[in-house]
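The values are calculated or read from the model by the stated rules, or taken from the named source; none is laboratory data. None of the values given here were measured: they were computed from a predicted structure. With ideal geometry, Cβ positions are generated from the backbone for all residues, glycine too; neighbour counts draw on all protein chains shown. Remember, those area values only see protein heavy atoms, side chains included, never the ligands or the DNA or RNA. Shrake-Rupley method; radii C 1.70, N 1.55, O 1.52, S 1.80 Å.
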Amino acid sequence: MPEGINSAEDVGIRQLGQALTTESLTQLGDDGHAAPRLARSWKWDQPWTRLRVSLAPGVVAHDGQSVTAPRVVEALKSALSKASTRAMYPSLDDVTRIEVDGRDVVVSLSRPAAFLPEDLEIPLEFGPQRVGTGPYEVVGTSGTETTLRRFD
């Protein structure tokens, strides 16, 4: 993708690589509504201001570690620290707290945001190596190249 070479971290070839190597809690379905991805299900504990997300069991990241509620909370907090995230996923701007409750992740908002499940399609990266759970894993990078390998 020579036309996709860009020095920014989240555009161009890096954006394509991220799409192939990471997954999100939800994804948009054909009808435009949230569908499960890393989340098995979700429900509102408090209408439109507190969402409980139950994770799909048995998911393993590229580093071999299980995807657990504490890891998801850490990944979400990291993603929320980026200004580009808040610009692309507007309801995340209202997040006041993300916490672990047993095997679930609970997201609290400062005001109602009915589209939070749709905005949880944000790509998640885990740990200091920023690994994902997608169908491919990064095995090498250089200035203008990223090498991927299939991940079972």
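Numbers at a glance
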{"read-out": "Selection count where residues are open to solvent by 50 Å² or more (accessible area, probe 1.4 Å), under 15 Å from Thr22 (Cβ atoms) and part of a helix (DSSP H, G or I), scope segment 61-73", "value": "0"}
{"read-out": "Some residue of segment 74-87 being crowded, with 17+ Cβ neighbours inside 10 Å, out of contact with any Leu (no Cβ under 9 Å at 6 or more places or on another chain), touching a residue at least 12 places away in the same chain (Cβ under 8 Å) and of a type in the set (Val, Ile, Thr)", "value": "no"}
{"read-out": "The one condition in (1) part of a strand (DSSP E or B); (2) in contact with a Ser or Thr (Cβ under 9 Å, 6 or more places away or on another chain) that Gly58 fails to fulfil", "value": "(1)"}
{"read-out": "Members of segment 93-135 that are touching a strand residue (DSSP E or B) at 6+ places or on another chain (Cβ under 7 Å) and among the small types (Gly, Ala, Ser)", "value": "Ser108, Ser110, Gly132, Gly134"}
{"read-out": "Residue that is surrounded by the fewest Cβ atoms within 10 Å (Cβ to Cβ), among those in segment 93-123 that are hydroxyl-bearing (Ser, Thr, Tyr) and part of a strand (DSSP E or B)", "value": "Thr96"}
{"read-out": "In segment 132-143, residue surrounded by the fewest Cβ atoms within 10 Å (Cβ to Cβ) [restricted to those that are out of contact with any helix residue (DSSP H, G or I) (no Cβ under 8 Å at 6 or more places or on another chain) and outside any loop (DSSP other than H, G, I, E, B)]", "value": "Ser142"}
{"read-out": "Top-ranked residue of segment 117-131 - restricted to ones that are under 23 Å from Val106 (Cβ atoms) and more than 9 Å from the chain's Cα centre (by Cα), ranked as modelled with the lowest pLDDT", "value": "Gly127"}
{"read-out": "Tally of residues being assigned to a strand (DSSP E or B), in contact with a helix residue (DSSP H, G or I) (Cβ under 8 Å, 6 or more places away or on another chain) and within 25 Å of Asp152 (Cβ to Cβ) across segment 23-47", "value": "1"}
